[in-house]
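Asker: Below are the structure tokens for one structure; questions will follow.
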Ligand code: UDP
Ligand code: GLC
Ligand code: MN
């Protein structure tokens, strides 16, 4: 067979965690094809050497960014302009046929047969099935196609500000010409979008070949207990809890021991103030009782989860725990002021401040029981790891 490859992309050390797990998931199912990762200069040297251990080719590419703030805002994913960088995949001309996989995908079953499909084959986008999702697609590397897509992008822009918009416009015949280019949904099943058709997820779960953690919630941003090696599964993701755990099992078995604290902070908008996720995970000892330093690192990781919207509703961040904390804080009475002789005579009905605060808090909670949107820089819910504490930067 001609030379084929699985190709992924990572622009930072956090997405590289996804790329590493993805590569091991492909090896786990015994693929016969090469593994290629495209990286940008923002991936740390420490991470590059780890990637080289598992990928056949680590190809540095320059960042292509749509800088299309307007359409990215409609998509509600301001960070995805740089997914234009994916287009470099067409320049891997040493391969005849490739399958591009987002680094937030996980290969569950061998799917080497995908290399027999033609350009451009992809599965429907779950939210708009006349478009394909560009997290998994079969293509033929070709310099002329690369140039042509770039020229098309320069002229027409991308309707979602990312690669998916441009690729759907460029390969617009995908929707209605050749059904063989429509991959079954099991080659790109959206992990977190199935709540709308959960019965189908249950019915066809054992046929899923590639799972895609599309959306802001990524497995590496979920709470994870290093001692038990169990990921904490948010209630709305229980249908795919075993796949999230599989991601973490692969991470624990194949990736964790190779991490280093030299790994860089995530350049992403919601993690930039924090220690690097990969670096923080490197500090954590798996399967051992947690030391106070590890507790602090995990607290920092938990804060990253909270700030990226992955709140551990059923665990540490449960309503009951937050409420308990509020109660404890309110019950910490301020020092009593020195008593004056007049105090005993003052019978006016002034409500003590702690009771007033409690009543206000109760009213607020009663009127707003939905998820609170956490403030970014105030009232830190958890302590910071001592070694990595930094002054806050403004964005
Ligand atoms: N990506 C990256 N760095 C980023 C954002 C995205 O390397 O900061 C790459 C990565 O391969 C990722 C893909 O671009 O899987 C598409 O982004 P994402 O998967 O977050 O988009 P979604 O599938 O959630 O829409
Ligand atoms: C999509 C795809 C992702 C793509 C992004 C930007 O949701 O899942 O692969 O990079 O949108 O177009
Ligand atoms: Mn994705």
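The values are calculated or read from the model by the stated rules, or taken from the named source; none is laboratory data. Everything quoted here is computed from the prediction, not taken from an experiment. When we count neighbours, we look across all protein chains shown, and the Cβ atoms used for this are built from the backbone with ideal geometry, even at glycine.
Asker: Which residue, of 132, 159, 137, is out of contact with any helix residue (DSSP H, G or I) (no Cβ under 7 Å at 6 or more places or on another chain) and within 14 Å of ligand 2 (Cβ to nearest atom)?
Answerer: Working: 132 fails: out of contact with any helix residue (DSSP H, G or I) (no Cβ under 7 Å at 6 or more places or on another chain); 159 fails: out of contact with any helix residue (DSSP H, G or I) (no Cβ under 7 Å at 6 or more places or on another chain).
Unique residue meeting the criteria: 137.
Asker: Within segment 75-113, take every residue that is within 11 Å of ligand 1 (Cβ to nearest atom) and within 18 Å of residue 181 (Cβ to Cβ) and give me the one that is surrounded by the fewest Cβ atoms within 10 Å (Cβ to Cβ).
Answerer: 89
Asker: For segment 83-99, name all the residues that are in contact with a strand residue (DSSP E or B) (Cβ under 9 Å, 6 or more places away or on another chain) and either over 22 Å from residue 35 (Cβ atoms) or more than 9 Å from ligand 2 (Cβ to nearest atom) (or both).
Answerer: Kept after step one, since they are in contact with a strand residue (DSSP E or B) (Cβ under 9 Å, 6 or more places away or on another chain), are these residues of segment 83-99: 83, 85-86, 88-92, 94-99.
Passing the criteria: 85, 88, 89, 90, 91, 92, 94, 95, 96, 97, 98, 99.
Asker: Given (1) within 16 Å of ligand 2 (Cβ to nearest atom); (2) surrounded by 21 or more Cβ atoms within 10 Å (Cβ to Cβ), where does residue 50 come up short, assuming only one miss?
Answerer: Among (1) within 16 Å of ligand 2 (Cβ to nearest atom); (2) surrounded by 21 or more Cβ atoms within 10 Å (Cβ to Cβ), residue 50 violates only (1).
Asker: Exactly one of these conditions fails for residue 38: (1) within 16 Å of ligand 2 (Cβ to nearest atom); (2) assigned to a loop (DSSP other than H, G, I, E, B). Give me its number.
Answerer: Of (1) within 16 Å of ligand 2 (Cβ to nearest atom); (2) assigned to a loop (DSSP other than H, G, I, E, B), only one is false for residue 38: (2).
Asker: Now a separate question. Among the residues in segment 156-163, are any more than 16 Å from ligand 3 (Cβ to nearest atom) and more than 27 Å from the chain's Cα centre (by Cα)?
Answerer: The initial filter retains those residues of segment 156-163 that are more than 16 Å from ligand 3 (Cβ to nearest atom), namely 156-157, 159.
Then keep just the ones that are more than 27 Å from the chain's Cα centre (by Cα); that gives 156.
Yes, there is a match, as at least one residue in segment 156-163 is more than 16 Å from ligand 3 (Cβ to nearest atom) and more than 27 Å from the chain's Cα centre (by Cα).
Asker: Would you please list the contacts, defined by Cβ atoms under 6 Å and residues six or more apart or on different chains, that run from a residue in segment 164-186 that is closer than 17 Å to residue 100 by Cβ to a residue that is at pLDDT below 95 and within 13 Å of ligand 2 (Cβ to nearest atom)?
Answerer: Note: pairs meeting the criteria are 165/158; 165/159; 166/153; 166/158.
Asker: Right, another one. Any idea how many residues of segment 75-98 are modelled with pLDDT of 95 or more and assigned to a loop (DSSP other than H, G, I, E, B)?
Answerer: Result for segment 75-98: 5.
Asker: Looking only at segment 240-251, decide whether some residue is under 14 Å from the mean Cα position of the chain (by Cα), surrounded by 21 or more Cβ atoms within 10 Å (Cβ to Cβ) and within 16 Å of ligand 3 (Cβ to nearest atom).
Answerer: yes
Asker: So, one more: So which residues in segment 65-74 are part of a helix (DSSP H, G or I) and surrounded by 17 or more Cβ atoms within 10 Å (Cβ to Cβ), if there are any at all? Before you say what the answer is, go through the steps one by one.
Answerer: The initial filter retains those residues of segment 65-74 that are part of a helix (DSSP H, G or I), namely 69-74.
Passing the criteria: 71, 72.
Asker: Being surrounded by fewer than 16 Cβ atoms within 10 Å (Cβ to Cβ), assigned to a loop (DSSP other than H, G, I, E, B) and in contact with a helix residue (DSSP H, G or I) (Cβ under 9 Å, 6 or more places away or on another chain) is the filter here; which residues of segment 53-64 pass it?
Answerer: 62, 63 - these are the residues of segment 53-64 that are surrounded by fewer than 16 Cβ atoms within 10 Å (Cβ to Cβ), assigned to a loop (DSSP other than H, G, I, E, B) and in contact with a helix residue (DSSP H, G or I) (Cβ under 9 Å, 6 or more places away or on another chain).
Asker: Please find, among 40, 10, the residue that is closer than 25 Å to residue 257 by Cα, touching a helix residue (DSSP H, G or I) at 6+ places or on another chain (Cβ under 8 Å) and more than 16 Å from ligand 3 (Cβ to nearest atom). Walk me through how you get there before you give the answer.
Answerer: Working: 10 fails: more than 16 Å from ligand 3 (Cβ to nearest atom).
The conditions single out 40.
Asker: Still on this structure: Looking at this structure, is residue 23 within 12 Å of ligand 1 (Cβ to nearest atom) and crowded, with 21+ Cβ neighbours inside 10 Å? If you could, list the steps in order and put the result at the bottom.
Answerer: On the way: within 12 Å of ligand 1 (Cβ to nearest atom): no; crowded, with 21+ Cβ neighbours inside 10 Å: yes.
When the stated conditions are applied, residue 23 does not pass them.
Asker: Among (1) within 19 Å of residue 25 (Cβ to Cβ); (2) at pLDDT below 95; (3) within 16 Å of ligand 2 (Cβ to nearest atom), which single condition is residue 269 missing?
Answerer: Evaluating residue 269 over (1) within 19 Å of residue 25 (Cβ to Cβ); (2) at pLDDT below 95; (3) within 16 Å of ligand 2 (Cβ to nearest atom) leaves (1) as the failure.
Asker: Something else: If you scan segment 162-188, which residues turn out to be within 12 Å of ligand 2 (Cβ to nearest atom) and part of a helix (DSSP H, G or I)? Full working, then the answer.
Answerer: The first filter runs over segment 162-188 and keeps only residues within 12 Å of ligand 2 (Cβ to nearest atom), leaving 162-169, 188.
163, 164, 165, 166, 167, 168, 169 - these are the residues of segment 162-188 that are within 12 Å of ligand 2 (Cβ to nearest atom) and part of a helix (DSSP H, G or I).
Asker: If you scan segment 115-154, which residues turn out to be without any contact (Cβ under 8 Å) to a residue 24 or more places away in the chain and exposed (fewer than 15 other Cβ atoms within 10 Å of the Cβ)?
Answerer: 116, 128, 129, 144, 147, 148, 151, 154
Asker: Inside segment 99-151, can you point out the residues that are assigned to a loop (DSSP other than H, G, I, E, B) and either more than 22 Å from the chain's Cα centre (by Cα) or more than 16 Å from ligand 3 (Cβ to nearest atom) (or both)?
Answerer: 109, 110, 111, 117, 118, 119, 120, 140, 141, 142
Asker: Please name all residue pairs, on different chains or six or more residues apart, with Cβ atoms under 8 Å, provided the first residue is in segment 210-228 and is on the phi > 0 side of the Ramachandran plot and the second residue is within 13 Å of ligand 2 (Cβ to nearest atom) and assigned to a loop (DSSP other than H, G, I, E, B).
Answerer: Sorted first by the residue in segment 210-228, then by its partner, the pairs are 215/192; 215/193.
Asker: How many of the residues making up segment 189-233 are outside any helix (DSSP H, G or I), within 15 Å of ligand 3 (Cβ to nearest atom) and touching a strand residue (DSSP E or B) at 6+ places or on another chain (Cβ under 8 Å)? Full working, then the answer.
Answerer: Initially, segment 189-233 is screened for residues outside any helix (DSSP H, G or I), giving 189-193, 208-218, 222-233.
From what is left, the residues that are within 15 Å of ligand 3 (Cβ to nearest atom) are 189-193, 210-218.
Cutting the leftovers down to touching a strand residue (DSSP E or B) at 6+ places or on another chain (Cβ under 8 Å) gives us 189-191, 210-215.
Residues meeting the conditions: 9.
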